Every structure is written in C-alpha cells, then in structure tokens.
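The values are calculated or read from the model by the stated rules, or taken from the named source; none is laboratory data. Only a predicted model underlies this, so the values are computations on that prediction, with no experimental measurement involved. Reconstructed Cβ throughout: ideal geometry from the backbone, glycine too, with neighbour counts over all protein chains shown.
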Amino acid sequence: MKKGRWDLSRRSFMKASGLACGYALLGFRTAKESVASVLDMVGIRQQSVYSADANPKIYKLRKSQENPMVKKLYAKDGFLKDGPCGHHSHELLHTHYKDKSMFIKALKKKGVELAM
Amino acid sequence: MSEAIKKKPELGSIKVDPSGTVQKTEGVNYTIYSPRVNDLGNLYFVEVDSNVCEGCGECETHCPTGAIQETKDGTRSIVDPAACMNCGQCLTHCPYGAVTERVSYVSEVFEKLKDPDTVVVTMTAPAVRYALGECFGTPVGTYTGGKMQAALRRLGFDYIWDNEWTADVTIMEEGTELLERVKHGGKGDKPLPQFTSCCPGWIKFCESFYPDLIPHLSTCKSPVGMLGPLAKTYGAEQTGVDPKKIYTVSIMPCIAKKYEGLRPEMHASGQRDIDATINTRELAYMIKKAGINYMALPDEEPDPVLGMATGAATIFGTSGGVMEAALRLAYEVISGKTLADPSIIAVRTANGINKVDVDVPGFGPVHIAVVSGLDNAAKVCEEVRAGTSNLHFIEVMTCPGGCVNGGGQPVDPSIMEASVFKKMVAKVNKRFNMRKIA
C-alpha cells in the first residue's frame, strides 16, 4: 500500500505528539521571543541608518543629484558626459539578465520539491 | 595622489591560510577559497556542516525558495546551488553555527595587500558601517563609518572608494530609467512597473522563477556592479594607475554579492570588474588579524572622487531606502520643484509589502511598493504577471529589513544561545532519525 502524506507510523506518531506537547508547554514563548529579538536587532540597525542620513555631521547632503562628485562624473567635460543612461553609461553601468528557469525546471523534473 | 603605490603597512608577519582551510570568523566557519568566473557553474556559497547540524529545522523556516531540506539522517542540506539564492538567512539564523560559507577571499586579499605592485581598492557597501562595530563590542547598530574607512586605510588599501558614491550614481541612472519608462507609458520593451536591481538574491530569484518579468527589471547594475568598472576606467584615469594593476575588493553585508561578483557579464571594464568579495564578518576578521585597535581609530573620510556620498546613498542599506532615494530625485525632476524635506517616511519598511502613493506635483500619485523578503516578492510578481498591478516602481530586498540584516552581517549572539529546551529537542530528534530502522 502506498503511504499517504498523513499516514504516520507508530514511532513517528509518538515522536510528533511528544514534540507537540513539549513545544506547547515550553517552546512557544522562547520561539516567539527569539523572533522578536531578531526583528528588534534589524529595527535598531535600520533606525541607525536613518539617523545617519538625517545627521548633517555625517552626510552634509541628502539628495544624490546634489553630490559634487556625481556632478563631476556627469559634467559636460566629465567621464560620462552623455549624462545618466547615455551611451557610455549603458556600456559600463547597465546590464542584461539571463533566464535561469531551466535549472529550476530540471530540478523539479528530478523530483525536487521547492517552495516556489 | 601621484604616488600611486604607497608604502604598505606591516602585513608581512601575517600568516595567510592556504586554500581549503576552514577558518572560524565571527562565529561562522569559512572555507578559504577564491573561485574564478568559470567556477560559478555548480558553486555552493553556503552549505550545512552535517557534523554540526542538529536537525532543528530553523534554517528551513527562513529559506524563501525551500532550497534547504531535510536529509535521510535528519540533518539539513541545500539540494542544489540553482535553488539557493545565496541570501544566507539560514546561516544567520542557525542556533548551532552549522551553516558555513564555502567562498572566502580573505587570504587572497591579504596577499594582494602585501604585493607592492597591486593597487588594491575598497568598494564598501552602506550597511557594513552599521554593523561592523558589533564585532568590536559596540551596541547593535552603532554607526562606525569613519573608523571603518580608517581601518581600511590601516590595512593598506591604496584607495578607499565606496559604494555609497555609486549608490548616488545608481539613483541618477535608475531614476532616469524610471522617468523614461513613465514617459513612454511603459510600452514596448520597457514595461512598467520597474523593479529595482540592487539586490543579487532578488535578481537570481527573478531570473530563476519569474524570467518573464526580466524586462521589468531595471537594467542598472547594482552600486558595486557600477563601482567595479568605474574603478578600472574612471578611477584609473583619475589616479593615473594602470587599470591592469587595480584589484577591486567588494565589501558587503551579503553572501549573494559573492555570486554577483562572479557573474560572467561583470567585465565591462575589459577585465573582471570585481576581483574579490568579502563580507562584514570577514572584514572584522582581517582588522583583528592585522592587530588594528578598531575602537581607538579616528574618524576618516573615503577618497572623495569615487567615495563621496549623500544620505540618499547610505539608506540603500535598509528596506525602502532605494525607493526613498529614487523619489528624492524623481520628485524634483518631475515637478521641477525642490523637495523641502527629503525624509519620505511612508516608504520606510521593516518587513512585508508596503504600498504607498506618493503625490508628485505636475504628475499625480506615483504608485510604489517596497517589498522585503522573497516570499513577499513572489506575491507582487504574481500581481505584475497577472497584469493587475497599477504600480510604477517596486523595490525588492531579499533579506527582511534590507541589507542591514544581510547574510554577511555579524550574527545576533542571542541566536547562538538557543534555549536548553530547543537544544534538547534537536538532540533527541537527531538521535531518533539516526536510529530509524529501514
């Protein structure tokens, strides 16, 4: 008989119920706390970025178009004198992308299950 | 600037680990290995050490594509490099430090720094300076940008160039591209909405799972994708250095940037644009190995020509930042007016999908979305694919919260201190699976 997804052996059932009890009693809070602490850490780092952006002692200017070294790059006699998205920009600063879906299709054909 | 080849500091005494050595760096195991472009094919950037893995499955819950899966003995493993977007969220969330990095250029970078004939230049990402201090004992998120630049100089880098400068350049390029797409009504080969293209995890994701949306991706390279070729052309011209002698080191809060640096198309300068990529943890390792007292360093500036930056550039390091920086340009170009307050707080995003209409005089509402996490990106991609989206511009970051939470950043110490209970469950689990009767 082919085993269905939810058919559990006695061993697996005991393991699953044991784990479920354990998590229900003790694990949930710890799991929740650890998620909260990570988000917290990310939030603190994000806030630090916005503080630096708004701090004139660190960044005198806050708009890319006002950066003197960006103006120098795009100046009439500058390195990218055609301006943004000009010919030279396209050669150096723009790119093209390649379809990589065949690798994913090949994996799925082999029977690999992915989340997407 | 004429004395291009400056005196190198005393790095001679530093013993460099040979290729293949496993080096513990800020709590993470790295294999010393400097791959080249031809090695990219089947290269793993992260992999699970099955001897350390306890099979708790925490990594699986952070893997957006489901690439990290259970093996027969209950440990986890990445099924195939093609399925892995290299974001490293599995690594930063593993309570046991079992997820390892398989690419590390630190030895090669040390060798190049020692070599008097190589001009080694830095290309440091915004988010690095908000987390590097943590490796030297500062509170989480402390900005130490000035010390970071000073440390890079002490390490013997010849020019301190910075991706914040090219983040400003990216805004000029990507903002102009967006305005062109809007002007043409999103017709033809330049459709709307436009997706940002700074995040290498997202780019690989789009190419792998939503290739039909490739025309929506901005054709702009990421800031480091721009600084590499500019360093070897414009930078060489400005400093009078032979471009062949320049060795560019991308310093990132990220693991996926190692993949980006190896992309075959990254040779716009006529050579490899990005010679090496290291991340925040590896930079901390190098500073410690060189015996530099980081916290005692003065604040220094990058070398301005390819280093000076604005606040619009530094916010690239957080979810919503690229969007905010682009709007600071687009608003002024479209309306012809000055944007009085550059802070566009509505687009700042901690996680999830944040859709906002930004009113621009002379245009009306600009519909934007900021997306954090690839599971959320997939939802927005489905909308765009179905044609039900009215959006103009979408920012996607693979790591929740953006680059400050990247896979190459210092790991939260509290994650490593998994609870005794969880450890016990994992141990039981592992034993159980290993004793399974066939």
message = Given the condition under 24 Å from residue B:204 (Cβ atoms) and touching a residue at least 60 places away in the same chain (Cβ under 8 Å), answer yes or no: does some residue in segment B:333-350 qualify?
response = no
request  = Name the residue, out of B:173, B:134, B:111, that is within 30 Å of residue B:84 (Cβ to Cβ), more than 20 Å from the chain's Cα centre (by Cα) and not in a strand (DSSP E or B).
outcome  = B:111
Counted residues, segment B:132-164 - those being in contact with a helix residue (DSSP H, G or I) (Cβ under 6 Å, 6 or more places away or on another chain), surrounded by 21 or more Cβ atoms within 10 Å (Cβ to Cβ) and polar (S, T, N, Q) = 2
task = Among the numbered conditions (1) buried (at least 16 other Cβ atoms within 10 Å of the Cβ); (2) touching a residue at least 60 places away in the same chain (Cβ under 8 Å), tell me where residue B:385 comes up short.
result = (1)
ask   = Scanning for something hydroxyl-bearing (Ser, Thr, Tyr) and closer than 21 Å to residue B:315 by Cα, does segment B:245-262 turn up at least one residue?
value = yes
request  = Kindly indicate whether residue B:313 is part of a helix (DSSP H, G or I) and not charged (D, E, K, R).
outcome  = yes
ask   = Just wondering, is there one or more residues in segment B:251-270 that are in a helix (DSSP H, G or I), touching a residue at least 12 places away in the same chain (Cβ under 8 Å) and of a type in the set (Lys, Arg)?
value = yes
task = Among residues belonging to segment B:117-131 that are buried (at least 23 other Cβ atoms within 10 Å of the Cβ) and outside any helix (DSSP H, G or I), point out the one that is farthest from the other protein chains (Cβ to nearest Cβ).
result = B:120
Matching residues in segment B:165-197 - criterion: being within 11 Å of another protein chain (Cβ to nearest Cβ), surrounded by 15 or more Cβ atoms within 10 Å (Cβ to Cβ) and farther than 20 Å from residue B:381 by Cβ = B:165, B:166, B:167, B:168, B:169, B:170, B:171, B:172, B:173, B:175, B:176, B:179
task = Could you run through segment B:32-68 and say how many residues are of a type outside the set (Asp, Glu), outside any loop (DSSP other than H, G, I, E, B) and surrounded by fewer than 20 Cβ atoms within 10 Å (Cβ to Cβ)?
result = 4
query = Out of the residues in segment B:328-386 that are touching an Asp or Glu at 6+ places or on another chain (Cβ under 8 Å) and aliphatic (A, V, I, L, M), which is farthest from residue A:53 (Cα to Cα)?
reply = B:366
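Scan segment A:64-107 for residues that are of a type in the set (Asp, Glu), more than 7 Å from chain B (Cβ to nearest Cβ) and either in contact with a Pro (Cβ under 7 Å, 6 or more places away or on another chain) or surrounded by 19 or more Cβ atoms within 10 Å (Cβ to Cβ) (or both) and jot them down.
Hits for segment A:64-107: nothing passes.
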request  = Would you be able to tell me the number of residues in segment B:271-306 that are part of a loop (DSSP other than H, G, I, E, B) and either in contact (Cβ under 8 Å) with a residue 40 or more places away in the chain or touching a Phe, Trp or Tyr at 6+ places or on another chain (Cβ under 7 Å) (or both)?
outcome  = 13
task = Would you mind stating whether residue B:237 is touching a Ser or Thr at 6+ places or on another chain (Cβ under 9 Å), surrounded by fewer than 24 Cβ atoms within 10 Å (Cβ to Cβ), in a helix (DSSP H, G or I) and at the interface with chain A (Cβ under 9 Å from one of its Cβ atoms)?
result = no
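If only one of B:63, B:56, B:84, B:90 is in contact with a strand residue (DSSP E or B) (Cβ under 9 Å, 6 or more places away or on another chain), at pLDDT below 95 and within 14 Å of chain A (Cβ to nearest Cβ), which one is it? So that I can check it myself, show each step before the final result.
Numbers: B:63 fails: at pLDDT below 95; B:84 fails: at pLDDT below 95; B:90 fails: at pLDDT below 95.
Step by step, each of B:63, B:56, B:84, B:90 is checked, and only B:56 is in contact with a strand residue (DSSP E or B) (Cβ under 9 Å, 6 or more places away or on another chain), at pLDDT below 95 and within 14 Å of chain A (Cβ to nearest Cβ).
I'd like to check something: does segment B:193-210 contain any residue that is in a helix (DSSP H, G or I) and in contact with a Pro (Cβ under 7 Å, 6 or more places away or on another chain)? Quick ask: steps written out before the conclusion?
Taking segment B:193-210 and keeping what is in a helix (DSSP H, G or I), we get B:200-209.
So of that shortlist, the ones also in contact with a Pro (Cβ under 7 Å, 6 or more places away or on another chain) come out as none.
No - not one qualifying residue is present in segment B:193-210.
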